[in-house]
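Here the structure comes first, spelled out in structure tokens, and everything after it is commentary.
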């Protein structure tokens with residue numbers, strides 16, 4: 001029996017995201033977009049790394065910060081993506097809670113986040 005490499009992922013699927021850092025206490029609460037970006041970086045591959053994003057963006061909205069990746073343009077824009085998928089990360093302004101969302105454009109992602117938060121509120 002051999003151990004498989006969990007970081008290798010599955011051929012034809014997006015790369016396996018980096019493991020979540022261990023929580024050693026309360027989650028940091030960002031005071032601004034720059035702090036939210038630093039928290040969000042922990043949940044993406046290193047910018048510029050092979051298979052990693054070209055850059056990360058912050059979209060601030062009323063109750064959180066949406067962190068989403070920017071990718072270099074494909075060589076053939078008519079071809080399907082080689083590694084579809086991915087996710088956005090939202091860091092809540094109130095408590096620093098990190099939520100993963102599908103890789104939607106910012107406005108639909110924020111709308112989805114609002115719906116998810118509304119379900120959690122009693």
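Please pick out the residue among 87, 94 that is exposed (fewer than 11 other Cβ atoms within 10 Å of the Cβ), under 30 Å from residue 119 (Cβ atoms) and out of contact with any helix residue (DSSP H, G or I) (no Cβ under 6 Å at 6 or more places or on another chain). Let's see the steps before the verdict.
Numbers: 87 fails: exposed (fewer than 11 other Cβ atoms within 10 Å of the Cβ).
Selected residue: 94, the only one of 87, 94 that is exposed (fewer than 11 other Cβ atoms within 10 Å of the Cβ), under 30 Å from residue 119 (Cβ atoms) and out of contact with any helix residue (DSSP H, G or I) (no Cβ under 6 Å at 6 or more places or on another chain).
Could you identify the single residue in 16, 24 that is assigned to a loop (DSSP other than H, G, I, E, B), at pLDDT below 95 and over 14 Å from the mean Cα position of the chain (by Cα)?
24
The values are calculated or read from the model by the stated rules, or taken from the named source; none is laboratory data. Everything quoted here is computed from the prediction, not taken from an experiment. Ideal geometry is used to build each Cβ from the backbone, glycine not excepted, and the neighbour counts take in all protein chains shown.
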